[in-house]
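Undergrad: Sending over a structure as structure tokens; questions will come in a sec.
What follows draws every value from the coordinates through simple rules; no lab data is involved. Keep in mind that what you see is a predicted model, and the values were worked out from it rather than measured. Glycine gets a Cβ as well: all are built from the backbone with ideal geometry, and neighbour counts include every protein chain shown.
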Amino acid sequence: MASGAAKAIEIEGLAKSFGDKEVLRSISLTVPAGESTVLIGPSATGKSVLLKCLLGLIPIDRGSMKYDGEELHGLDADGWNDFQARAGMLFQQNALFDSLRIWENVAFRLLNHEKVPRKEARQRALRRMAEVGLGEEMADLYPVELSGGMQKRVGVARAMIGDPELLILDDPTAGLDPILTNSILSLIERETAGKDTTVLVVTGDMKAARSRFDNVAMLFDGEIKWAGRREDVAHAGDPYLEQMINGRARGPIKMRLAARD
Ligand SMILES: Nc1ncnc2c1ncn2[C@@H]1O[C@H](COP(=O)(O)OP(=O)(O)OP(=O)(O)O)[C@@H](O)[C@H]1O
Ligand SMILES: [Mg+2]
């Protein structure tokens, strides 16, 4: 259960380079408590890197990352473990455990963090699986036996089980058909509506980005170029945001496609 009041994420001046490649130059972003925020931006701008920094999986070079007013930058391994136990996460490549059955993957946090008995954990996993359109007949299979879209849904169910107070989802609808995409987005909406869950989602689905989340943040060139409420996107007047959200080929964001010139 989400415990207590909702909690915000506050990022200030975050920088991260890999060797001499600067990916995040100076990220400042507030993810409001108890609301959903979608992070958009061209491919390879650092959206996944930013989520991994936030979860303590990639060490940052400088800057501040606060959750519920507490500084995360500089936490030791135990501190990060405690923080991660409060968050439900979905990675872009799903990162399912190959050697665990589907229900054990979904129930992972119940079995390992909350010490829920296996029988109860399995029942709860089956309920979460049903919400993402995975039947009981999938429960005892292994990830390799599922299609890409099914694996994605296992990842979503795993992130949401145990009602974490913070949900961080990297591309939860990638590779799903439009019907499944809508059901997953509605599921994410239900997690925030009426609950104290703080949600941060990365998506490449601009239709969803325009309509399904409370707040929108646009990452480009190592910075958050624009962040604001969904209803302000249409008249933000920001050329980067405008080009991205409308998927225009022309604009300040130049796509580098191979073998053209
Ligand atoms: N561990 C790493 N070591 C070196 N470079 C990395 C590492 N992780 C990411 N990068 C680089 O950082 C940049 C941003 O990658 P990232 O995966 O965050 O992009 P993204 O915005 O999530 O893109 P997409 O929309 O395609 O998922 C890329 O140029 C990538 O090659
Ligand atoms: Mg990514």
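Undergrad: Put +1 on the Cβ of each Lys and Arg and -1 on the Cβ of each Asp and Glu in the chain; which of L75, A8, L90 then has its Cα farthest toward the positive end of the dipole?
TA: The residue sitting farthest along the positive end of the dipole is L90.
Undergrad: Can you compute 3J(HN,Hα) from phi for each residue in the range 30-38, using the Karplus curve 6.51 cos²θ - 1.76 cosθ + 1.60 with θ = phi - 60°, rounded to whole Hz and x for Gly and Pro?
TA: Each residue's phi maps through the Karplus curve to give 10, 9, x, 5, x, 10, 10, 10, 10 Hz.
Undergrad: Report the Rg/Rh value for the range 55-189, based on alpha-carbon coordinates and the Kirkwood definition of Rh.
TA: Here the Rg-to-Rh quotient is 0.99.
Undergrad: If you don't mind, another one. Across bins of 10 angstrom width beginning at 0, how are the C-alpha pair distances of the range 124-243 distributed, in whole percent?
TA: 12, 41, 31, 13, 4, 0
Undergrad: Distance cut-off 29 Å, Cα to Cα: go down the list K52/K115; K52/K195; K66/K254; K152/K195; K119/K152 and report the pairs above it.
TA: K66/K254
Undergrad: If you don't mind, another one. Kirkwood hydrodynamic radius, computed over distinct alpha-carbon pairs, for the range 94-163: how many Å, to one decimal?
TA: 11.5 Å
Undergrad: When each pair of different Cα atoms in the range 32-102 is counted once in the 1/r mean, what is the Kirkwood radius in angstroms, to one decimal?
TA: That comes to 14.1 Å for the range 32-102.
Undergrad: Between S28 and A5, how many nm apart are label points set 7 Å from Cα along the C-beta direction?
TA: Computed distance between label sites S28 and A5 equals 2.4 nm.
Undergrad: Follow-up. Measuring from label point to label point, each 7 Å out along Cα→Cβ, what is the A85 to D20 span in nm?
TA: Calculated label separation equals 4.4 nm.
Undergrad: Quote the charge dipole size of the chain about the Cα centre in Debye, to the nearest 20; the model charges only the Cβ of Lys and Arg (+1) and of Asp and Glu (-1).
TA: Around 560 debye, computed over the chain.
Undergrad: Using 1/(1 + (r/R0)^6) with R0 = 41 angstrom and r between the beta carbons of D78 and K207, what's the FRET efficiency to the nearest 0.05?
TA: Approximately 0.50, to the nearest 0.05.
Undergrad: Still on this structure, please answer the following. Looking at the range 62-130, which chymotrypsin sites (Phe, Trp or Tyr not before Pro) are in a loop (DSSP not H, G, I, E or B) and have at most 14 other Cβ atoms within 10 Å?
TA: Answer in residue order: F97.
Undergrad: If R₀ is 30 angstrom, what is the calculated FRET efficiency for the pair K254 and E71, using the beta carbon separation as r and rounding to 0.05?
TA: My answer for the efficiency is 0.25.
Undergrad: On a straight-distance basis, which lysines could pair with K21 in a cross-link, Cα separation under 16 angstrom, same-chain partners fewer than 8 positions away excluded?
TA: K47
Undergrad: Count the DSSP beta bridges whose two residues both fall in the chain, then state the antiparallel fraction as a percent rounded to the nearest 5.
TA: Counting DSSP beta bridges with both partners in the chain, the antiparallel share is about 55 percent.
Undergrad: I've got another one for you. Mind checking the alpha-carbon convex hull of the chain and giving the volume per residue in Å³?
TA: It is 147 Å³ per residue.
Undergrad: Spelling out what I want: for every residue of the range 177-183, take phi, set θ = phi - 60°, compute 6.51 cos²θ - 1.76 cosθ + 1.60 (Karplus), and round to whole Hz; glycine and proline get x.
TA: 6, x, 6, 5, 4, 5, 5
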